[in-house]
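The values are calculated or read from the model by the stated rules, or taken from the named source; none is laboratory data. Nothing here was measured: the structure is a model prediction, and the numbers come from that model. When we count neighbours, we look across all protein chains shown, and the Cβ atoms used for this are built from the backbone with ideal geometry, even at glycine. Accessible surface areas use protein heavy atoms only, side chains included; no ligands, DNA or RNA. Shrake-Rupley method; radii C 1.70, N 1.55, O 1.52, S 1.80 Å.
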Amino acid sequence: MPPDRLRSIVPMFGGATSYVKTLTAILEYVDDQQPTPDELIGWHRGHFERVSSRDSIQRRIDYLENVGFIEHDGHHWRLGPEGTTYVAEQTTETLLEIMCRRNVGLRSLLYSLVPAPMTIEEIGHQQLNTHANLGWDPANTDMAKQRANWLRSLGLVHKDGHQYALTDGGHQFVETAVEQWAGSDPRPDTATTAAPTATTYETTVQARAVDPEFRETVLVQYDGTCLAPMNFATIS
């Protein structure tokens, strides 16, 4: 059975659009030096201004371990299975696949941004409505921002004023993801189990296998009805 996906997505130091750059630097350092826990803490303090809290640094290290980017042998950090895969290839596609597979909500957020841009408040509601197990306080926008910023760092989303929209790369991901992820773990983590009520969408589902997260995103966002053809023409 595949590992449970992580509900908490932790930001990297370095700024809202620099998560990937920071992650890559950490993994290259770990791969080259196999640092001790204190050395990895020290690396963070030496590379980012105003970063000194051990707890704050450790929270990010714990997240990287939980994803599988790094692992600890009792004395030193080394690359984990996901880190080994990414360092060997260092492509956005590889990292995106890892992040979507290991974290709840990233794919559904990309699907939800196809019809129109969303504010951070709308993103928060979309995530909570589609993934009931996330369970954070709806008034807290930090979790939504962290998801949006990971996608910004991956080049799939850009911020325009108060709204977040798909980039060309984001649209390209959605065009292939609906079928590419059709075999993903179908275990429900959503807030609804409603069946599709519109013939158009039901016919589409029967005609080909689709990502179960796409299906749930559509049902939640459109209250059990199909999308207008103009909104999801590229993937309906």
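Let me check I've understood the local charge: for Asp32, count other residues with C-beta under 14 angstrom from its C-beta, Lys and Arg +1, Asp and Glu -1. What total comes out?
-2
Here the accessible area is traced with a 1.4 Å probe on the protein chains. For the stretch 117-167, carbon and sulfur cover 47 percent of it. Once backbone amide H atoms are built at 1.01 Å from N, Thr119 has Tyr164 as its partners under 5 Å, excluding neighbours fewer than 5 places away on the same chain. The tail of the calculated P(r) for the stretch 113-174, taken as Cα-Cα distances beyond 20 Å, holds 23 percent of the pairs. Available extension along the chain between Thr176 and Asn133 is 12.8 nm, counting 0.36 nm per residue and deducting the alpha carbon span. Average 1/r across all pairs of distinct alpha carbons in the stretch 1-70, invert it, and you get the Kirkwood radius: 12.8 Å. Note on Thr167 and Thr92: the model spin-label points, each 7 Å out from Cα along the C-beta direction, lie 0.4 nm apart.
Packing order of peptides 4-11, 159-166, highest average first: 4-11, 159-166 (average count of other Cβ atoms within 10 Å over each peptide's residues).
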